[in-house]
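Every number in this text was worked out from the coordinates using simple rules, so none of it is lab data. Everything numeric in this text was worked out from a predicted model, so none of it was measured. All Cβ positions, even for glycine, are placed from backbone atoms using ideal geometry, and neighbour counts span all protein chains on display.
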Amino acid sequence: MPESSPPGPQPPIDPTGVATPPPPPPGYYPAPAAAPAAKGGLGTVLLRVGMSVLLSLFLLSVVANVYQGVLIASLTTGLQEARYAGSDTTQGRVVILPVEGVIDATMAEYVRDAVDSLLADPPKAVVLRVESGGGGVTASDQIWHQLARLETEPATPIPVVASFGNVAASGGYYIAADAEHIMVERTGITGSIGVIAQVPTVEGLLDKVGVQMHTITASDSAEKDVANNPFRTWTPADDAVVQNLVDSMYEQFLSVVIQGRGFTDEQARAVANGAIYTADEALNAKLVDSVGYLDDAIAQARTLGGLPVDAQVTIVTQPGAGLLGALLSSKAGLPNPASVTPQVARSWLDEFGQVRLAYLTQWVGRP
C-alpha cells in the first residue's frame, strides 16, 4: 500500500471566529414594539391649564382679601395709644396728644375723638405737642373748645402742658393758650397772633383770555355781590366787609390769649400784633412759661399729675396714619386730567374765590 503524503501547511486559526457566536437565523428576534401614545392628549393639557388658572385666581383672591382687611382696618380703627416712655405702672399715665400740620376740619375731628377717648379713660396729665403754623379760624376754635373739656368735664381736672416744636404759631398758639404750662423748644418760633384773609380776584386773567363773567343778584339782596365776587376788582366796600370779619376774629383770638395767659387787654394787644417770636422773645413777652424739649414737658406733666419720674407715657396715634394712609390720601397724587370737567373747573374757581379767614403763619425757618 502506497504511503500517504504528509499534509500541506494549514492556514492560521482566526480567534474571533471562535469567540463570536454565529448570527441567529432570520425571524429569531420579535418585531420592536411601537412607542406608547401620549396619555390624555388635548384633554389633559386643557385640564392642566385650567388647574393653573384656578390656582392663580385663588392666590389673587387671598392677596386681595388680605389687602382689603388692611385697608378696612386702617380706615376704621379708632384712635390708639402707643407706649412712648416710662414703666408700665398702674399709678397713672401721661398722654402725648400731637397736633401736627395745618389746622383744618379733619384735625378738629381728630382732636375731638382723642378728647372723647381720654375722658373715657382719664390720664393724670396731657402733653399737647404742637407742630403747626395754624390754619382755619373755626377749626382752631373747635380744637381749643375740645381741649377745654379736659379741665371742665372730669371730676378731677386733667392738667395740660403744651410743648411747642419747630413752629407753634397763630392757630397753633390759639389752641394751646389755655394750657397750664407752655414750653417751647429753644429753636422754635411762636406768636403770630392775628388774623389774615386772602381773597384772589381773576378779572385781569379773564380779560387776557377773553372771558367776561356777568353777575346778577336778586333785587332785594344787592349786598350779595359785595366781597363775594372774585371776577371783578374789589372796591372799598368789599374791603370794609372783610375787614369787619377779620377784626371780629382778631378780638376772639385776643380774648383767648387774655383768658389763657392772664393778660390785661393792654398787655395782650402789645404782643398780639401778628409778630413772630423766638423762644427767648416769647418767654420775655410771657407768651410761654419756659424753654425746653418734649422730655422736659413730659417731666412737667408728671409733676402736675402727681406721678413718679418713671410713670408711663403714651402717645395718641391717628387712624390711617403711616404709608398706607399716605397712599390712600387724596393729596397723594394729582387729579386725573380726564376727570377735570367744566363743572369741576367751575367748582374749583368758586372755591378759589371764597373768603377764607385764617389764624395762619406762612413763615418756615431753615438752618
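Using 0.36 nm per residue and subtracting the Cα-Cα separation, the extra length available between Leu245 and Arg186 on full extension is 17.8 nm. Would you please classify the overall shape of the stretch 145-208 from the alpha carbon gyration tensor, given that a ≥ b ≥ c denote the square roots of the eigenvalues, rounded means a/c under 1.5, and beyond that prolate means a/b larger than b/c while oblate covers the rest? Oblate, because a/c is 1.5 or more while a/b does not exceed b/c. Magnitude of the Cβ-charge dipole of the stretch 88-179, K/R +1 and D/E -1, about the Cα centre, nearest 20 debye? About 220 debye.
Annotation note: chymotrypsin sites (Phe, Trp or Tyr not before Pro) in the stretch 248-318 located in DSSP loop regions with a Cβ neighbour count of at most 16 within 10 Å are Tyr293.
Checking the a/c ratio against 1.5 first, then a/b against b/c, what shape does the Cα gyration tensor give for the stretch 72-206?
prolate
For the stretch 155-266, the equivalent ellipsoid built from the Cα gyration tensor has semi-axes of 41, 18, 12 Å, listed from largest to smallest.
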